[in-house]
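Everything below concerns the one structure shown next.
The values are calculated or read from the model by the stated rules, or taken from the named source; none is laboratory data. These numbers were taken from a predicted model, which means no experiment stands behind them. Cβ: placed from backbone, ideal geometry, glycine included. Neighbour counts: every protein chain shown.
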Amino acid sequence: MPLAVCATPIGNTADITLRVLDELREANVVLAEDTRHTRGLLERHGVQATLVSYHEHNEAARVAELLPRLVAGERIALVTDAGMPAVSDPGARLVRAALDAGVAVTVLPGPSAVETALVASGLGGGPYAFVGFLPRKAGELAALWRETAAWGCAVVAFESPQRVGASLRSLAAFDPGREVAVCRELTKRFEEVVRGPVGEVAERFAEAPKGEITLVVSAGRAELDVAAALGAVEELVGAGTPRRVAADVVARLTGAGRNELYRGTL
């Protein structure tokens, strides 16, 4: 039997698919990130199953324990607390081990916080990049904003409610006009999507909100030639233009950040 990787609701328990429910009923074992959470979901839908914990702290040991059972033909299903396992939650190691051992892996799709947020943001409609959880260190976060500005696509990320304000302020310091959407508690009773220029949205989240956060950031300045913009500033300065004036002129023409051009750190 294949390893079944099953998507589960990101909030509203009614969003589970009929196919996933059938798989969880038939599985010999259901691997769950939090067995208490999964048990509540299964009880909601009248499903009885043998649950075994599978999370980041016991993943290596569980793979060693479960792989022989998969090879022997046991029917094992893998779920996480919300969404698809093996994306930002545990599961990738087991999937890789199963494939390497010649065990088939089937994926049962379902709710996705990434795609739900992207559509709700109004910033989708084209290519996008999912970067997982945002870096915690300020320098790494600033580097991510600089990098994604050149990608030319929307960016979707997960963030904790405690850090979302600081992350928005970090982006605002780099590009205060960049559009964002903070998607909170998706599919739940108190779902909220706050959209607007990041400089304004950052003020809204000066205090930590409650609930799960998915952040969507609009496409950056994909057309911006960084070297050319900085070179234009230097040419103007060399011709006698005050640096602040030169930075302002080039910013208006290219859409680059005036402060970054002035400091030469674009």
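Hey, which of the helices (runs of 4 or more DSSP H) in the range 156-266, taking only ones fully inside, have at least 2 residues that are more than 30 Å from the chain's Cα centre (by Cα) and farther than 30 Å from PRO111 by Cα? Break it down into steps so the answer makes sense when it comes.
On the way: elements: 164-174, 198-204, 226-238, 243-254, 258-263.
Helices (runs of 4 or more DSSP H) meeting the threshold: 226-238, 243-254, 258-263.
Only residues that are at pLDDT below 95 and surrounded by fewer than 20 Cβ atoms within 10 Å (Cβ to Cβ) were counted across the range 150-178, and they come to 7. Is the range 14-35 home to any residue that is buried (at least 20 other Cβ atoms within 10 Å of the Cβ), farther than 27 Å from GLY132 by Cβ, modelled with pLDDT of 95 or more and not acidic (Asp, Glu)? Looking for residues that are buried (at least 20 other Cβ atoms within 10 Å of the Cβ), farther than 27 Å from GLY132 by Cβ, modelled with pLDDT of 95 or more and not acidic (Asp, Glu), one finds at least one in the range 14-35, hence yes. Every condition in (1) modelled with pLDDT of 95 or more; (2) of a type outside the set (A, V, I, L, M, F, W, C); (3) not assigned by TED's automatic domain parsing to the domain that holds GLU179 holds for SER88 except the one numbered (1). Scanning the range 160-216 for residues that are under 19 Å from GLU260 (Cβ atoms) and of a type in the set (Val, Ile, Thr) gives VAL180, VAL198. Each residue in the range 133-164 was checked for being under 21 Å from GLY122 (Cβ atoms) and among the small types (Gly, Ala, Ser), and 4 pass.
Residues in the range 119-149 that are without any contact (Cβ under 8 Å) to a residue 24 or more places away in the chain and not in a loop (DSSP other than H, G, I, E, B) were compared, and the one that is surrounded by the most Cβ atoms within 10 Å (Cβ to Cβ) is LEU144.
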